[in-house]
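S.K.: Just passing along the structure, written as structure tokens.
The values are calculated or read from the model by the stated rules, or taken from the named source; none is laboratory data. Predicted model, so just to flag it, every value in this text is computed and none were measured. Note that each Cβ is placed from the backbone with ideal geometry, even for glycine, and that neighbours are counted across all protein chains shown. Ligands, DNA and RNA are stripped out before the accessible areas are found, and what is left, the full protein with its side chains, is counted by its heavy atoms. Shrake-Rupley method; radii C 1.70, N 1.55, O 1.52, S 1.80 Å.
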Amino acid sequence: MNEVLEVIKRRRSIRKYLPDQIKDEELNTILEAAIFAPSGHNEQPWHFLVIQDKELIDRMSEKAKEAMTRSNIDWIVKIGQNTRRHIFHNAPTVIVVSGRKGSYSALVDCSAATQNMLLAAESLGIGSCWIGLANFFFQQEEEAKRLSIPEGYEPFYAVTLGYKDPSYQPIAPERKRDVFAYIR
């Protein structure tokens, strides 16, 4: 099978990491993959903030969980109340993906860049996870300001990166196969 297709099928959301920091060379390769994502009108409306400060990552998790307890969605409240749960899964690296406000398709473009990072990480044997719940941290303006996201950009997601804990072996869920239609 084609190597790219193998990486796509092998990639899983990793939620358990070793504490060791990934190498700068690996990080730079993953970031390089992000900026080669397609973007509408080639605007490249993204910004990537790399966080490797464990105290800051832990604070972001705690503040997000506090906000999650005020959600009107039960499963989100339960995650926020779980004292053992870390929304970044104790990963040593977190990348905040932000998009330029007013851009033609910033959310979609940043999503493509995020997927490129996830696939690049897998190709290097690095674990990753797309963290949508980081939005609960970003919604707290005073907290989010501490990240120094550039003026005119809005944080959308976070991506965790780290070496996979070998004791965690996620299994691919069965894929829905009845999602295709053809007009020929």
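S.K.: Say R0 is 35 Å: what FRET efficiency, to the nearest 0.05, do Glu25 and Arg59 get from their beta-carbon distance?
M.R.: Computed FRET efficiency for Glu25 and Arg59: 0.80.
S.K.: Given Lys101/Lys145; Lys54/Lys145; Lys9/Lys164; Lys78/Lys176; Lys65/Lys145; Lys78/Lys145, which pairs have Cα atoms separated by over 20 Å?
M.R.: Lys78/Lys176; Lys78/Lys145
S.K.: Let me know the shape class of the stretch 1-102, please: from the alpha-carbon gyration tensor, a ≥ b ≥ c as square roots of the eigenvalues, rounded when a/c is under 1.5, otherwise prolate if a/b is greater than b/c, or oblate.
M.R.: Note, shape of the stretch 1-102 comes out prolate.
S.K.: Also, I was wondering about something else. Please work out how much length the chain gains when fully extended from Asn42 to Glu66, using 0.36 nm per residue of separation minus the C-alpha to C-alpha distance, in nm with one decimal.
M.R.: Computed gain between Asn42 and Glu66 is 4.9 nm.
S.K.: What FRET efficiency comes out for Asn2 versus Asn135 if R0 is 35 angstrom and r is the Cβ-Cβ distance? Round to the nearest 0.05.
M.R.: 0.55
S.K.: Related question: I'd like the distance separating the alpha-carbon centroids of the stretch 109-143 and the stretch 169-184, in whole Å.
M.R.: Taking the Cα centre of each part, the stretch 109-143 and the stretch 169-184 sit 23 Å apart.
S.K.: A further question follows. Compute the FRET efficiency between Val108 and Glu142 as 1/(1 + (r/R0)^6), taking r as their Cβ-Cβ distance and R0 = 22 Å, and round to the nearest 0.05.
M.R.: E between Val108 and Glu142, to the nearest 0.05, is 0.15.
S.K.: What number in nm² do you get for the stretch 125-172 if you take the convex hull of its Cα atoms and divide its surface by four?
M.R.: Over all viewing directions, the stretch 125-172 projects a mean Cα-hull area of 4.8 nm².
S.K.: Taking the Cβ of Leu56 as the center, what net charge do the other residues with Cβ under 12 Å away carry, scoring Lys and Arg +1 and Asp and Glu -1?
M.R.: Once all neighbours under 12 Å are counted, the net charge is -1.
S.K.: Over the chain, what percent of the accessible surface lies on carbon and sulfur atoms, probe 1.4 Å?
M.R.: 51 percent
S.K.: Give me the accessible area per residue for the stretch 47-184, probe 1.4 Å, as a whole number in Å².
M.R.: That works out to 58 Å² for each residue.
S.K.: Something else now. What is the dipole size for the chain, taken about its Cα centre, with +1 at each Lys and Arg Cβ and -1 at each Asp and Glu Cβ, in debye to the nearest 20?
M.R.: 760 debye
S.K.: Shifting gears a bit: What Kirkwood radius, in Å to one decimal, follows from the Cα pairs of the chain?
M.R.: 17.4 Å
S.K.: Add +1 for every Lys or Arg and -1 for every Asp or Glu among the other residues with Cβ under 10 Å from the Cβ of Ala172, and state the total.
M.R.: Net of charged neighbours comes to +4.
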